[in-house]
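Asks: Right, I'll just put the structure down here and ask away after.
The values are calculated or read from the model by the stated rules, or taken from the named source; none is laboratory data. Keep in mind it's a predicted model, so treat the numbers as computed, not measured. Positions of Cβ are backbone-derived with ideal geometry, glycine not excepted, and every protein chain shown enters the neighbour counts.
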Amino acid sequence: MTSSSADVAARPAPPAPRRLRVDRTVFVVAGFAALLVAVAVAALAIGRYTVPPNEIVRIVLGQVLPIRETWYAQEHTVVLDVRMPRVLLSLLVGAGLALTGAVMQGVFRNPLASAQVLGVSSGASFGGVLILLAGLGGAALVGGAFVGGLIALVLVLAIARAVPGAPLLMIILGGTVVGAMFQAMVSFVTYIADPYSELPSIVFWLMGSLATASYGKVLVAAIPIVAAGTVMLALRWRLNILAMGDEDATAMGLNSQRLRIVLLLCVALVTAGAVSVAGVIGWVGLVVPHLVRMMVGTDNRLVLPVSALLGASYLTLIDTLSRVLTTAEIPIGILTAIIGAPFFVGLLIRNRSRLWGGDA
């Protein structure tokens, strides 16, 4: 063996190509996307009037392809006119809420952060209630919820800045205070609302429900959720840099403050779009991203899209349960709270050292 041949033999094996990592990402996202499709088909099939899954696929494809009709007219009405708007709305709202939770947890670098814990949902609900009290809806409801959520977010950040010390603890406490304040204001509005014409719609809306879903509401929710969600997904790789700390992020040419503002504005906009059409549905943004990190790791380039997919599946599944568990439909906000509250307690216990230690 020559010296050159020996050198070649002694060289270490080349590193695994980056394509393997890309393939894993594509595989994971494709797996959760397949789960989403399966849950959506099941939601369209299950109910007081059951429709076979194969007929659901044919009905949906029949809207764009020349497929011979093998379904009944009643099945067509149930799938496309009754259940499809509700499933589409649950997919949008679930994806949006889970995405906001993942972004806020990335911005604050802690799994305890969410739009509800930080009072954004309460502020958005107050803004929406004022619009309902004025007899408005549609785009005005989205605008009112957005302004309310944005005000709540600004107040929480102002409280955290005003008190030096443990920033995470002050953010959580500030969110608790701001959320309680806006909840009290919501209670005041419901107190002064007309008990016959205004109060029933306000109370039902606040409990969170997709029972009044329509294609119009799907469009109203899709505009802010898709627009702001696209921005958050496009910036997901910068969340990894932000997690390194402001000094390291600045050294890499990233404006941390501006990035936080952009992301938090997107969070407020998505929350407003979700609240405006579905009311207050809590805990999705807290539970789903944490589950995703347990399954796929902490890389936000993967956490954000998977959170959106799993959040859409999760809320669609919960909404289906709310329809079929009892004859009288259970508001979806009740079910998500029953599942999410114990989960939040578990998170507090697991992260108690970070919380009281003041790590951000």
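Asks: Just to check your reading of the model, which residue among Val8, Val57, Val29, Val64 is modelled with pLDDT of 60 or more, over 25 Å from the mean Cα position of the chain (by Cα), farther than 19 Å from Asp319 by Cα and assigned to a helix (DSSP H, G or I)?
Replies: Criteria check complete, one pass: Val57.
Asks: Could you please give the count of residues in the stretch 202-220 that are at pLDDT 90 or above, aliphatic (A, V, I, L, M) and in a helix (DSSP H, G or I)?
Replies: Looking only at that region, the number is 2.
Asks: Does the stretch 176-188 contain at least one residue that is more than 28 Å from Ala221 (Cβ to Cβ), among the aliphatic types (A, V, I, L, M) and not in a helix (DSSP H, G or I)?
Replies: No, the stretch 176-188 contains no residue that is more than 28 Å from Ala221 (Cβ to Cβ), among the aliphatic types (A, V, I, L, M) and not in a helix (DSSP H, G or I).
Asks: While we're looking at this one, here's another question. Failed condition for Ile59, given (1) touching a helix residue (DSSP H, G or I) at 6+ places or on another chain (Cβ under 8 Å); (2) surrounded by fewer than 21 Cβ atoms within 10 Å (Cβ to Cβ); (3) farther than 24 Å from Thr326 by Cβ, with all others met?
Replies: Of everything listed in (1) touching a helix residue (DSSP H, G or I) at 6+ places or on another chain (Cβ under 8 Å); (2) surrounded by fewer than 21 Cβ atoms within 10 Å (Cβ to Cβ); (3) farther than 24 Å from Thr326 by Cβ, Ile59 misses just condition (2).
Asks: Take the residues of the stretch 162-201 that are among the polar types (S, T, N, Q) and within 18 Å of Phe126 (Cα to Cα): which is modelled with the lowest pLDDT?
Replies: Applying the filter and picking the extreme gives Ser201.
Asks: Still on this structure: So which residues in the stretch 33-56 are crowded, with 19+ Cβ neighbours inside 10 Å, touching a Pro at 6+ places or on another chain (Cβ under 8 Å) and over 15 Å from His76 (Cβ atoms)?
Replies: Answer for the stretch 33-56, where residues must be crowded, with 19+ Cβ neighbours inside 10 Å, touching a Pro at 6+ places or on another chain (Cβ under 8 Å) and over 15 Å from His76 (Cβ atoms): there is none.
Asks: How do the pairs read when you match residues in the stretch 281-292 that are within 11 Å of Leu112 (Cβ to Cβ) and without any contact (Cβ under 8 Å) to a residue 24 or more places away in the chain with residues anywhere that are polar (S, T, N, Q) and surrounded by fewer than 24 Cβ atoms within 10 Å (Cβ to Cβ), using Cβ under 9 Å and keeping only pairs 6 or more apart or on different chains?
Replies: From the stretch 281-292, no pairs qualify.
Asks: For the structure I just gave you, tell me whether Arg301 is modelled with pLDDT of 90 or more, surrounded by fewer than 24 Cβ atoms within 10 Å (Cβ to Cβ) and closer than 30 Å to Thr230 by Cβ.
Replies: yes
Asks: Here's something else I'd like to know. Can you tell me which of (1) in contact with a Phe, Trp or Tyr (Cβ under 9 Å, 6 or more places away or on another chain); (2) surrounded by fewer than 15 Cβ atoms within 10 Å (Cβ to Cβ) is the one Ala278 doesn't meet?
Replies: (2)
Asks: Would the stretch 306-313 turn up any residue that is under 27 Å from Ala34 (Cα atoms), in a helix (DSSP H, G or I) and touching a Pro at 6+ places or on another chain (Cβ under 7 Å)?
Replies: Checking the stretch 306-313: at least one residue is under 27 Å from Ala34 (Cα atoms), in a helix (DSSP H, G or I) and touching a Pro at 6+ places or on another chain (Cβ under 7 Å).
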